[in-house]
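A short write-up of the structure that comes next.
We did not get these values from a lab; they are worked out from the coordinates using the rules stated. If you're wondering where the values come from, they're calculated on a predicted model, not measured in any experiment. Methodologically, a virtual Cβ is constructed for each residue, glycine included, from the backbone with ideal geometry; neighbour enumeration extends over all protein chains shown.
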Amino acid sequence: MLNLRTTITGLALVLAGVGCNSLSSLAITEEGFFTNGDDRLHYAFDRPKTGSGPFPVVILGHGPGRVTAERNAARAPRWLEHGVAVLRYDKRGVGASEGVYSKAFSNLPVLAGDMVAAVDFIKRDPRVDPTRIGLMGVSQAGWIIPIAATTSPDVAFTVILSGPTVTAMQANFFDAEADDPELTMDDLSARLAAFQTAPGDFDPRPWLERLDVPGQWVFGEEDRIIPARESAAILDDLIRTHDKPFTIVTHPGQGHGLRGDVDYWPTVLVWYDEYVGKETP
């Protein structure tokens with residue numbers, strides 16, 4: 001079933017050894033520009049060297065900050081080894097992309113529009129299977145991807161790492177409070193529960209309630225950047241009350257970056273094979 005909640009206690013699955021190859025050994029990479037309105041966005045398209053296609057494709061979105069296609073290249077090899085092409089691009093106003101870079105939460109719909117433009121661009125490539133286009137991103141992408149995936153009818157699946165589902169003001173409050181190392185995760189949850197949001201806050205829930213494509217959400221249990229516990233609880237509620245096709249994976253002892261001895265890729269790729277796989281959804 002899609003409605004799955006998993007806690008990873010020791011990840012040493014069959015795919016754990018995958019991912020040691022370099023991007024250049026796995027892919028034929030092309031660069032160019034696609035457009036969103038009047039702005040040109042620079043992209044790199046990584047196509048697997050093996051296989052004849054048409055390939056499923058994952059579009060890599062952005063977390064906060066000035067993220068480029070090159071910076072996102074680290075997430076391409078595991079998809080390529082799995083026979084999935086990757087489209088990555090410079091965030092607007094960053095690298096070779098045009099447009100205005102902004103950290104304002106009011107810019108989230110604009111960034112989601114860039115992802116939709118990426119979908120519209122890549123679905124026309126005959127080397128890509130237009131029925132198997134996915135979106136992947138980290139952190140801030142937890143807000144951006146649901147907007148893009150509900151706007152575009154061509155998104156088939158999503159993978160979101162350490163992505164918040166709380167409001168923007170709640171996330172900012174939690175992040176600031178978590179700077180105090182004396183506060184435990186329980187302390188932070190209690191403070192967040194007492195926090196009052198304000199008019200003008202960005203709430204992703206309306207978008208999540210409209211999101212109906214399979215999605216895997218991966219969290220670190222000790223995340224002190226976004227409230228992972230509360231974000232997972234919102235997803236649990238949507239699964240229970242709206243029968244959403246979401247899978248939640250939680251890694252104990254891990255923070256926002258899911259680094260160190262954790263390997264989240266096996267669960268992502270096993271999930272992909274089960275719910276997206278080689279056939280048309």
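Once the Cα atoms are used to define both axes, helix 108-122 deviates from the longest principal axis of the chain by about 20 degrees.
Restricting things to Cα coordinates, could you compute the convex hull volume per residue of the chain in Å³? Could the numbers behind the result be given before it?
Values: hull volume 36.5 nm³, N = 281.
For the chain, the hull spanned by Cα atoms encloses 130 Å³ per residue.
Footprinting exposure proxy ranking of 243, 223, fewest other C-beta atoms within 10 angstrom first, gives 243, 223. Our estimate of slack between residue 180 and residue 70, defined as 0.36 nm per intervening residue step minus the Cα-Cα distance, is 36.3 nm.
What you get for the chain, charging only the Cβ of Lys and Arg (+1) and of Asp and Glu (-1), is a dipole of about 760 debye around the Cα centre.
Dipole size in debye (nearest 20) for segment 22-65 around its Cα centre, Lys and Arg Cβ +1, Asp and Glu Cβ -1?
Working: 3 positive and 5 negative charges, 43 e Å.
The calculation lands at about 200 debye.
Across the options 141, 183, 116, the greatest Cα extent toward the positive end of the charge dipole of the chain (unit charges at beta carbon of Lys, Arg, Asp, Glu) belongs to 116.
Springs between Cα atoms under 10 Å define the GNM used for the chain, and in it the highest mean-square fluctuation of 40, 92, 124 occurs at 124.
Given the -39500 (n - 2.57) contribution per DSSP H run of 4+ residues, what per-residue ellipticity at 222 nm results for the chain, rounded to the nearest 500 deg cm²/dmol? Could the numbers behind the result be given before it?
Working: 9 runs with 88 residues, N = 281.
Dividing the helical sum by the residues of the chain leaves -9000 deg cm²/dmol.
Based only on other Cβ atoms within 10 Å, what is the fewest-to-most ordering of 49, 123? Mind showing how you got there, number by number?
Working: 49 11, 123 16.
In increasing order of surrounding Cβ atoms, one gets 49, 123.
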